[in-house]
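Structure first, commentary second.
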Amino acid sequence: MVFSEPRSQVLLVDDNPQNLKVLFDTLEGSDYRLLLANNGKKALAIAEKLKPDLILLDIMMPEMDGYEVCDTLKSNPSLRDIPVIFLSALDDVESKVKGFEKGGIDYIAKPFQPKEVVSRVATQIKLRRLEQQLKEKNRELSADNIEMQLKLEAQREHLAHFSRLSTMGEMAAGFAHEVNQPLTAITNYARVALRLLGEDLDDNTVVNKKMLATTLNKLEAQSHRASDVIQRIRGFVKKPQSGKTIVDVRSLLSDVVQFAEVDVKNNKGQVVLKLPDELPTVEADAIQVQQVALNLIRNALEATSACPQETDGAGDPLHVSVSAYADKQMIWVEVKDQGCGFTEDAEQKLFHPFFTTKGDGMGIGLSLCQSLIQAQGGKIGFRRNPDKGITFYFSLPICAR
Ligand SMILES: Nc1ncnc2c1ncn2[C@@H]1O[C@H](COP(=O)(O)OP(=O)(O)OP(=O)(O)O)[C@@H](O)[C@H]1O
Ligand SMILES: [Mg+2]
């Protein structure tokens, strides 16, 4: 007699009914029994009752988020072995790393490619099946089976390693991107310093000494920044929450404008800082916020210099303006440019990693900014200016106190 195997059960968890439907439609054609849950509690109840073979778990859900659901699963010996694939719109390195730390086996970023979901699910289900078959056989224990079990574990580890590697790749790109800016500035300041040294010193000695000191101070500041950025990125992998302090956005932005000096020169641009006399403090990682502001300013300078130049009507050269204000428990920082903006088509992809329209761009800046700001509990976005150019903005939560 031939028994057909029971169908594998896949539990889909997402608080958004629309997303749940899309997932359901995607996997409906495959021969699984699909179970649905629209919140973490229900997901756990279903898992407990039906012991699914795989869980596709959304991260951002109210009340109990995906990480918490995963924690609960992993702390329960009878549910611990159910593989979890995280599924989330948070396509940033930090949340991926966190997903793997929580014991997730894979990570799919939304919006997803249906084919990708189908094939990842199939792979995990296949592994799960093999694992279960082996477990059965292991009960009639033999040395062969132990070896098979080990092989299987190695295969699973291998797969998880691949997913982790692509995350590492993105991280490495982010790293290169952020360190490149201070390094370029350091090279520039070193050149200026050498030129000052080489100049005829006769009647310029005092002036040159002063300029030399200023230039070397700037160089030093940039090299501190480079090492801070490296520290931060290292910390980011290990402890995402680390590094938060009470930050004065006004002085932070003034520092950033200093750091952007070389970018200003390279783009023959100008940055105008428009700050209120007072602003509440925020709780954030200052270095990471600096990175965000600097990336937005650089993009704005590049957009403005790439656009055919004219004056702004008042006879002033085109400039990028940076401003900040407090509203609804948040500080909002805006970077307004007078560039040519972007097409609607590009608009959809701006925050995707590696999307760039620049010959020498990496397309990492905005995707990194998004990760960093989300890690601070803020938002990032843009709007088209009524006259010309774009305003990018981000927010940070005001210190509660
Ligand atoms: N202020 C802006 N005005 C117009 N287009 C912009 C602006 N900021 C970003 N963009 C568009 O978004 C794309 C992605 O920006 P992002 O900062 O992620 O990468 P990049 O600037 O191209 O390269 P890099 O990784 O070196 O920063 C840019 O190539 C550009 O097309
Ligand atoms: Mg950029």
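Taking K and R as +1 and D and E as -1, what net charge do the other residues with C-beta under 12 Å from the C-beta of LEU212 add up to? Spell out each step's value before the answer.
Working: positive: ARG195, LYS209, LYS210, LYS218; negative: GLU199.
Charge balance near LEU212 sits at +3.
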Check your understanding: Considering only the other residues whose Cβ falls under 11 Å of the Cβ of PHE394, what net charge follows from Lys and Arg at +1 and Asp and Glu at -1?
Key -> 0
Exercise for review: Scan the chain and hand back the longest stretch that contains none of the chymotrypsin sites (Phe, Trp or Tyr not before Pro) lying in DSSP loops with at most 12 other Cβ atoms within 10 Å.
Suggested key: 4-353
Practice item. Report the local net charge at LEU20: Lys and Arg +1, Asp and Glu -1, summed over other residues whose C-beta lies under 15 Å from its C-beta. Key: -2
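For the chain, what does the relative contact order come out to in percent, with C-alpha contacts under 8 Å and a separation of six or more?
Values: 579 pairs, mean separation 42.5, N = 401.
Contact order relative to length: 11 percent.
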Exercise for review: Rank GLN113, GLY174, LEU57 by how far each Cα sits towards the positive end of the charge dipole of the chain (+1 on Lys, Arg Cβ; -1 on Asp, Glu Cβ) and give me just the farthest.
Suggested key: LEU57
Exercise for review: Find how many whole Å separate the alpha carbon centroid of region 284-362 from the alpha carbon centroid of region 39-56.
Suggested key: 44 Å
Exercise for review: Among the lysines, select those whose C-alpha is under 21 Å from the C-alpha of LYS151, and discard any that sit fewer than 8 residues away in the same chain.
Suggested key: LYS126, LYS135, LYS137
Review point. What is the helix-to-structure angle for 205-238, meaning the angle in degrees between its Cα long axis and the longest Cα principal axis of the chain, kept from 0 to 90 and rounded to the nearest 10?
Key: 10 degrees
Review point. Among bridges DSSP assigns within the chain, what percent are antiparallel (round to 5)?
Key: 50 percent
Exercise for review: Enumerate cysteines in the chain without a disulfide-compatible partner, where compatibility requires another Cys Cβ under 4.7 angstrom.
Suggested key: CYS70, CYS369, CYS399
Check your understanding: To the nearest 0.05, what FRET efficiency results for THR214 and ASP277 with a Förster distance of 35 Å applied to their C-beta separation?
Key -> 0.80
Check your understanding: Pick from ASP263, ASP228, ASP58: which residue has the top mean-square fluctuation in a GNM of the chain where Cα pairs under 10 Å get a spring?
Key -> ASP228
**Study point:** Lys, Arg +1 and Asp, Glu -1 on Cβ, resulting dipole of region 8-141 about Cα centre, debye, nearest 20
**Key:** 520 debye
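A short reminder: the numbers here are calculations on the coordinates, not readings from a lab. Here the structure is a predicted model, which is why all the values come from computation and not from measurement. Every residue, glycine among them, receives a Cβ derived from its backbone with ideal geometry; neighbour counts consider all protein chains shown.
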